[in-house]
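As structure tokens, the structure follows; a few thoughts come after it.
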Amino acid sequence: MRLASFWLVVLLAPPLLALFLPGFAVHVVTLIGIYALLGVGYQLVFGQLGALNLAQGALFGIGAYTVALMAPAIGVLSFPLAVLVAGAVAALAAWPTLRLHSHYFALATLALAALANLIAVNAEGLTGGANGLTAFTAGLPRGRVLLIIVWICLIAAILAQAQLFGGSWGEKARLLRETPLAAATLGIDGGRWRLVAFAAGGALAGGAGASSAALSGVVSPEVTGFPLMVLCLSFVVLGGARHPMGALVGAVIAVCLPELFRGLQSAWLLAYAVATLTVVLWAPAGVAALVDRLRGAAPPPPPSVELGERLPAATGPQRLTLDNVTKRFGGVEALAGVSLSMKRGEIVGLVGPNGSGKTTLLNVVNGLEHADGGAIALDGVRIERLPPHAIARLGVARTFQGQAAVSVPQAVATSAALLLLDEPAAGLGERERTELERTLQRLRDGGRGVLIVDHDIELLGRVCDRLVCLDRGRVIAEGPPAAVRADARVRASFLGLEEAA
């Protein structure tokens, strides 16, 4: 996605104008660029992936201390070193924490921030303790040169984020943010995404911290403190956590509002809080998105995936086999020795009453749940202990009930050879059901295997080569649709016909 011309002007105007303005304006515009660079890095984890990272301020401080310690020896080379050090610290911290979810991840990153602040305060021989470090800027860029460096990095970061998350990457990030389990079933490794985003965001924070050290000439424990983290979080939310220009708009607010409210003396914080609350209530997507709406800019259409006349070539295994698979949840035996198989070019329908284990079976096949016993294999290679994204990359894709997260076209677009469809006909009208039936036939003709769960027995009877009926976690019937529907046990358990009981 390219930035609109309006936003390109907004992005380029501050540094170009500041080059011809007095020194205070250069200082302010440089500070805005530093905060925006910090915010762009924060957007990668918090905005794009929806993870509450509370360590971005600490990584900013690590970049600042790196410059303060190394600039006397290597001068301007301490800038890229600060980027590398902060990025490396973020990557090392991410490894054990990024598979945590929700508040556990937030607490883990908060612990990292607290550790960085403790080191800054107590390692006096290295950091100068509470007094901090000074007299290190002799070989560092200052003034307009620093402004140019900061804004070149910021412009590159904003344009890169707009480009990367404007297309398919943006859709993958949305899935990771909103439905991480569904993302995994499409082969998206959420852990790797968060690791890369955390490291890249940390590197940008380190660059921002390095620039801040050069701008102020002083580095003290405050640069690793929690107030800076709160400031970063607030201005990213205000500007727009996922808008490419959100961090810059928020940084302008963070730098300029205190100046505008300075005349209010001690009451300026109250005015700032009121302004912030107003923005959150009236522009929950951020000020940048509000500006787009006010200037009549159409929101970018969500990427759509449709099946063309020719399906993408399928890749992956020829056969899926389950052998005596069991799964228990406490004292409930959801699957009790289930054995079945499916090959490419075949549609197998999985039927049974509610609670019979149909969705659980799909979950253990694609790795969302681990089987307690038995074997699941693709062409003889066992997969029951693999994570969901690894199974998806082997050629098994999955949809979910209601199609809210992953649709049939999205699953097909992965080129998976075997598809697991969980109630794809739920909520569809007659025309959509006819189209689904045609799609299933095209998948079979295209050499894909389909294991489909649905309550529409008429639909399954028309499209499936075989039906498998589960009841209380056990296979009670398997065979051609007509034979399974005629089975007395199926008629009793699934179809609810009392005369067959």
Note on segment 401-450: residues crowded, with 22+ Cβ neighbours inside 10 Å, more than 15 Å from G349 (Cα to Cα) and not aliphatic (A, V, I, L, M) are T414
All-but-one check, I152 against (1) surrounded by fewer than 19 Cβ atoms within 10 Å (Cβ to Cβ); (2) in contact (Cβ under 8 Å) with a residue 24 or more places away in the chain, failing number (2)
Filtering segment 189-203 down to residues that are crowded, with 20+ Cβ neighbours inside 10 Å and modelled with pLDDT under 90, which residue is farthest from V40 (Cα to Cα)?
G190
Would you mention how many residues in segment 1-47 are more than 14 Å from I158 (Cβ to Cβ), touching a Gly at 6+ places or on another chain (Cβ under 8 Å) and aliphatic (A, V, I, L, M)?
2
What are the residues in segment 1-19 that are out of contact with any helix residue (DSSP H, G or I) (no Cβ under 6 Å at 6 or more places or on another chain) and of a type in the set (G, A, S), if any?
A4, S5, A13
Just one of L59, L17, L69, L54 is out of contact with any Leu (no Cβ under 8 Å at 6 or more places or on another chain) and either without any contact (Cβ under 8 Å) to a residue 12 or more places away in the chain or surrounded by fewer than 24 Cβ atoms within 10 Å (Cβ to Cβ) (or both); which is it?
L17
Just checking, does segment 161-184 include any residue being buried (at least 22 other Cβ atoms within 10 Å of the Cβ), in a helix (DSSP H, G or I) and touching a strand residue (DSSP E or B) at 6+ places or on another chain (Cβ under 6 Å)?
no
Regarding segment 96-117, can at least one residue be identified that is without any contact (Cβ under 8 Å) to a residue 40 or more places away in the chain, more than 24 Å from the chain's Cα centre (by Cα), surrounded by fewer than 21 Cβ atoms within 10 Å (Cβ to Cβ) and under 23 Å from I34 (Cβ atoms)?
no
Inside segment 214-225, the number of residues satisfying the requirement of being over 24 Å from V45 (Cα atoms), aliphatic (A, V, I, L, M) and part of a helix (DSSP H, G or I) is 2
Name the single residue, out of those in segment 324-336 being in contact with a Ser or Thr (Cβ under 8 Å, 6 or more places away or on another chain) and surrounded by 15 or more Cβ atoms within 10 Å (Cβ to Cβ), that is nearest to G380 (Cα to Cα).
V325
Taking the options G349, G355, name whichever one is touching a Pro at 6+ places or on another chain (Cβ under 9 Å) and among the small types (G, A, S).
G349
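The values are calculated or read from the model by the stated rules, or taken from the named source; none is laboratory data. A quick note: this is a predicted structure, and the numbers were derived from the prediction, not measured. No Cβ is skipped: glycine too gets one built from the backbone with ideal geometry, and neighbour counts run over all protein chains shown.
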